[in-house]
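All of the numbers you see were taken from the coordinates with simple rules; none came from a lab. Since the model is a prediction, treat every value here as computed from it, not as a measurement. Note that we place each Cβ from the backbone using ideal geometry, even for glycine, and neighbour counts take in every protein chain shown.
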Amino acid sequence: GAGVSQSPRYKVAKRGQDVALRCDPISGHVSLFWYQQALGQGPEFLTYFQNEAQLDKSGLPSDRFFAERPEGSVSTLKIQRTQQEDSAVYLCASSPLGGTQETQYFGPGTRLLVL
Amino acid sequence: AQRVTQPEKLLSVFKGAPVELKCNYSYSGSPELFWYVQYSRQRLQLLLRHISRESIKGFTADLNKGETSFHLKKPFAQEEDSAMYYCALTSGTYKYIFGTGTRLKVLA
């Protein structure tokens with residue numbers, strides 16, 4: 001079956017532009033996660049959805065970052081007024097249930113470069 | 001604070017040699033530990049997790065609570081094992097904490 005998909009795969013933005021990154025989780029997966037992976041680092045948690053509810057946004061680095069999942073499937077991560085430090089790979093992951101310690105299934109990531 | 005440390009950024013071994021990728025964690029409770037792998041041009045995927053005690057692609061990892069380690073081992077490395085390996089921890093929640101990763105290069 002289809003895995004987690006993300007679009008676009010690459011995005012170049014000028015500093016100050018807004019960007020929107022899309023994630024299509026595995027069909028039927030309840031949980032959805034966003035991670036930010038800077039160069040040479042491991043993925044860092046940004047936010048978590050259980051269905052359409054955003055249960056945890058503690059990892060969002062600033063109020064310029066906003067995520068939504070209005071119908072409990074597709075999710076969008078929006079970054080307003082992008083800065084150079086936002087350059088990173090943004091990973092989306094999903095898991096079947098809302099439980100703890102589940103295996104997470106990752107998408108290919110969106111590589112964002114802010115010039 | 002919860003933390004996962006992978007001290008080696010790069011590990012090079014010859015084909016057929018044993019491999020050990022180190023992972024140390026700091027957490028006061030009972031964590032669940034994972035190893036994720038990312039092959040070239042592929043997405044991050046689960047390799048193995050502590051709770052299942054499986055051996056995947058010849059890799060094993062033992063949780064040592066005394067040393068707070070979860071090192072990944074394989075007795076005989078193969079060229080197709082070359083990849084980026086990430087150790088990760090969850091602490092009874094959905095939130096993963098990843099290490100910075102170790103790039104394994106298996107030389108012919």
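Any chance segment B:32-53 includes a residue that's buried (at least 19 other Cβ atoms within 10 Å of the Cβ) and of a type in the set (Ser, Thr, Tyr)?
yes
For residues in segment A:1-45 being more than 10 Å from chain B (Cβ to nearest Cβ) and acidic (Asp, Glu), which is surrounded by the fewest Cβ atoms within 10 Å (Cβ to Cβ)?
A:Asp18
Which of the residues that make up segment A:1-58 are in contact with a Pro (Cβ under 9 Å, 6 or more places away or on another chain), of a type in the set (Lys, Arg) and over 21 Å from A:Pro70 (Cβ atoms)?
Passing the criteria: only A:Arg9.
Yes or no: segment A:59-72 includes at least one residue that is within 14 Å of another protein chain (Cβ to nearest Cβ) and not β-branched (Val, Ile, Thr).
From segment A:59-72, those within 14 Å of another protein chain (Cβ to nearest Cβ) are A:59-60; that's our starting set.
Narrowing the set further to residues that are not β-branched (Val, Ile, Thr) leaves A:59-60.
Checked against the condition, which is being within 14 Å of another protein chain (Cβ to nearest Cβ) and not β-branched (Val, Ile, Thr), segment A:59-72 yields at least one hit.
In segment B:57-67, what residues are of a type outside the set (Asp, Glu) and either under 10 Å from the mean Cα position of the chain (by Cα) or surrounded by fewer than 16 Cβ atoms within 10 Å (Cβ to Cβ) (or both)?
If we filter segment B:57-67 for residues that are of a type outside the set (Asp, Glu), which is where we start, we get B:57-61, B:63-66.
The answer is B:Lys57, B:Gly58, B:Phe59, B:Thr60, B:Ala61, B:Asn64, B:Lys65, B:Gly66.
Within the bounds of segment A:46-59, is there any residue that is in contact with a helix residue (DSSP H, G or I) (Cβ under 6 Å, 6 or more places away or on another chain), crowded, with 18+ Cβ neighbours inside 10 Å, hydrophobic (A, V, I, L, M, F, W, C) and not in a loop (DSSP other than H, G, I, E, B)? Even if it seems obvious, please write down each step before you answer.
Within segment A:46-59, the subset in contact with a helix residue (DSSP H, G or I) (Cβ under 6 Å, 6 or more places away or on another chain) is none.
There is no residue in segment A:46-59 that is in contact with a helix residue (DSSP H, G or I) (Cβ under 6 Å, 6 or more places away or on another chain), crowded, with 18+ Cβ neighbours inside 10 Å, hydrophobic (A, V, I, L, M, F, W, C) and not in a loop (DSSP other than H, G, I, E, B).
Restricting attention to segment A:50-89, report how many residues are touching a Phe, Trp or Tyr at 6+ places or on another chain (Cβ under 9 Å) and polar (S, T, N, Q).
6
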